[in-house]
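Participant: So that we are looking at the same thing, I have put the structure below in structure tokens.
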Amino acid sequence: MEDCIFCKIIKGEIPSNKIYEDDKVIAFHDVNKEAPVHFLVIPKEHIESVNVINEKNSLIVSHIFLVINKLVSELGIDKQGYRIVNNTGEDGGQSVNHIHFHVLGGRNLTWPPG
Ligand code: 5GP
Ligand code: ZN
């Protein structure tokens, strides 16, 4: 999608601190860290949000969780714990309309979120 910031990151038009890439997804550190470890995993396909997940495209979600499983171990936060966040829509606080999963760790995270 032309004016999507995450599609531009995927195409390399905007630089990112990439930590993982395969044919389906990329993962990179969030530019505005909310925890010592804070990265995003996004599909290469432009999917707007959970609202448009369906039978045809839902396999990407399990793939993203497999990638998260690998990265949290590599980054050493798997044992202590971490949080996976998906913000959807205005009330959910979604600011980029390309589905993404935040992974936050490296500190004790409070609950409930704001
Ligand atoms: P949302 O608020 O939509 O759930 O999350 C979007 C996230 O993308 C925010 O945490 C924001 O800091 C991050 N973000 C926005 N633009 C960029 C960018 O150009 N590079 C990186 N690495 N992260 C970005
Ligand atoms: Zn996009």
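Nothing in this text is a laboratory measurement; each read-out follows from the coordinates by a stated rule. Small disclaimer: the values here were computed from a predicted structure and weren't measured. Note that each Cβ is placed from the backbone with ideal geometry, even for glycine, and that neighbours are counted across all protein chains shown.
Participant: Got a sec to turn the phi values of segment 14-20 into Karplus ³J(HN,Hα) couplings, 6.51 cos²θ - 1.76 cosθ + 1.60 with θ = phi - 60°, whole Hz, x for Gly and Pro?
Facilitator: Running phi through 6.51 cos²θ - 1.76 cosθ + 1.60 with θ = phi - 60° gives 10, x, 8, 8, 6, 10, 7 Hz.
Participant: With everything on Cα atoms, drop me the angle between helix 59-74 and the longest principal axis of the chain, reported from 0 to 90° to the nearest 10.
Facilitator: 30 degrees
Participant: Moving to a separate point now. In debye, nearest 20: dipole of the chain around its Cα centre with unit charges on the Cβ of K, R (+) and D, E (-)?
Facilitator: 420 debye
Participant: Within 10 Å of each residue's Cβ, count the other Cβ atoms and sort 110, 88 from fewest upward.
Facilitator: Ordered by Cβ neighbours within 10 Å, fewest first: 110, 88.
Participant: Quick one: 3J(HN,Hα) in Hz for segment 80-92, Karplus 6.51/-1.76/1.60 with θ = phi - 60°, rounded, Gly and Pro as x.
Facilitator: 6, x, 6, 10, 9, 10, 10, 9, 10, x, 4, 5, x
Participant: Oh, and also: If we count other beta carbons within 10 Å of each Cβ, what is the order of 63, 100, fewest first?
Facilitator: Ordered from fewest to most neighbouring Cβ atoms within 10 Å, 63, 100 come out as 63, 100.
Participant: Which of the listed residues, 84, 14, 36, is farthest toward the dipole's positive end in the chain, when Lys, Arg count +1 and Asp, Glu count -1 at the beta-carbon?
Facilitator: 36
Participant: Select from segment 9-114 those trypsin sites (Lys or Arg not before Pro) which occupy a DSSP coil region and have at most 11 other Cβ atoms within 10 Å, ordered by residue number.
Facilitator: 56, 79
Participant: Also: Kindly provide the pair-distance distribution of the chain built from C-alpha pairs, with 10 Å bins from 0 and whole-percent values in order of increasing distance.
Facilitator: The calculated distribution, bin by bin, is 13, 47, 34, 5.
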